[in-house]
Structure formats: structure tokens, C-alpha cells
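Just so it is clear, none of the values below were taken in a lab; they were calculated from the coordinates. All values derive from a computational prediction rather than experimental measurement. FYI the Cβ positions are ideal-geometry reconstructions off the backbone, even for glycines, and counts take in every protein chain you see.
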Amino acid sequence: MAEFQESGWTLDFDDTAWTRIVKWDDDPCYRQGIERMKGKTRRRLRGCGLPRCHWRNGSDELVDEGTRAVDFAAIGPGRIPWLVEVKSLRGDTATMPIEERAVDIAAKVRDSLCGVEWARPRSAGFVPSPDLQHVRRALGRATTVRVLVLFDDLRPGSRTQTLALQAKLRELLIWLRGDVVVYGHQELPGELGLAVS
């Protein structure tokens, strides 16, 4: 059983189902490598065209750019690559609308797929997690990847937000060869081999 702390939860990954796990957002390949790609770029924003619109004729705005990361990259159930994102709404985590949260998670999936697969670990001078090479190899051979989001619904007992988030993520990640599943931490199916407390 591999145990990790994330967003105020303890995640216990059963090692018969989850054979390799990388805490991707803490891995040196992410922290010392791809996360350092930050800066601003200029974007042309256009308004709605109405006479009172602040951006009626358009505006050049500097926009923050950077990379994002899911919490875990792993070889999980089915011996396929999994990306796992934990979204706990407890404590000081800002509450955001489902659509905004879905875009945030989808961007993490996009950036993590690229980062896990293409980061240059050793030649760049930092040593990755020992499991990273196995997850990278699995991603390179895979024909599918699964995305698991653990989501702390604001209305326990009602899956309304969880299902809305899953639907929006599937829409945004339609390009992904795989599937997206969203569960509350108390409703995980036993066959996943993951316990959250």
C-alpha cells in the first residue's frame, strides 16, 4: 500500500492495482524543469462590439502563461497509464464554477501528458522519481490513458456537481484517447484499489 497526502486527504493506493506512482506535481522533473516555464505573452482581446464595450475595438493584454500539473501520474488498474487529480474544497481552497474548474483540470491533463512523456530528467541535471521512467514508458506504449478526478462535492450525498464536472471534462478532453472519471472521495469503486480518508 502506497500512502500519499494530498489536499488534506490521505490516499492509499493498493500496490496490486497501482504498480507505479509518481507525485508528478512534486517531482523534480516538474518542479525544476517544466514548471519554470513562466512568463507573459500578449493576446489580442476583442469585445462584444457594443458601443459601451470596454474592449470594443480590441485590446492587447499581457496574459500570464505557465504550465500546470496533475497530482499523480501512475500505472494503475488495467496496467495502463492514469493521471489523478485531487480537488478538495475544504479549508482555504477557492471555490470556482464547474466550467472554470473543468478548464483548470483539463489544462493540467494536457500539460502533464506532455511533461511526463517529454521532460529531460538526467541530462538537465535533476533526478526524477524512480517510478517516472516506468510511467513514461507506459505512456509511450499506451493506446489509452485514464484520468481520475477525486472531487469533494459541496453537496454531500448529491452527485450533481460531480456529474457536471465529469460531463464538462469529457467535453473538453474529447481529443484524449481514454476516459475521464470523477468520483467523490466516499464513492470510489472498490475495484479501483484506492482508499481516501
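With r defined as the distance between the Cβ atoms of I174 and R141 and R0 fixed at 22 Å, what FRET efficiency is calculated, to the nearest 0.05?
Rounded to the nearest 0.05, the efficiency is 0.45.
What's the magnitude of the charge dipole for the range 156-197 around its Cα centre, counting Lys and Arg as +1 and Asp and Glu as -1 at the beta-carbon? Answer in Debye, nearest 20.
About 140 debye.
Based on Cβ point charges of +1 for Lys and Arg and -1 for Asp and Glu, what charge dipole magnitude is obtained for the range 127-197 about its Cα centre, in debye rounded to the nearest 20?
It works out to roughly 320 debye.
Full-extension gain between E65 and Q32, please, as 0.36 nm times their residue separation minus the C-alpha to C-alpha distance.
10.2 nm is the gain from fully extending E65 to Q32.
Beyond a 18 Å Cα-Cα separation, which of these cross-linked pairs lie in this structure: K108/K168; K87/K108; K38/K87; K40/K168?
K38/K87; K40/K168
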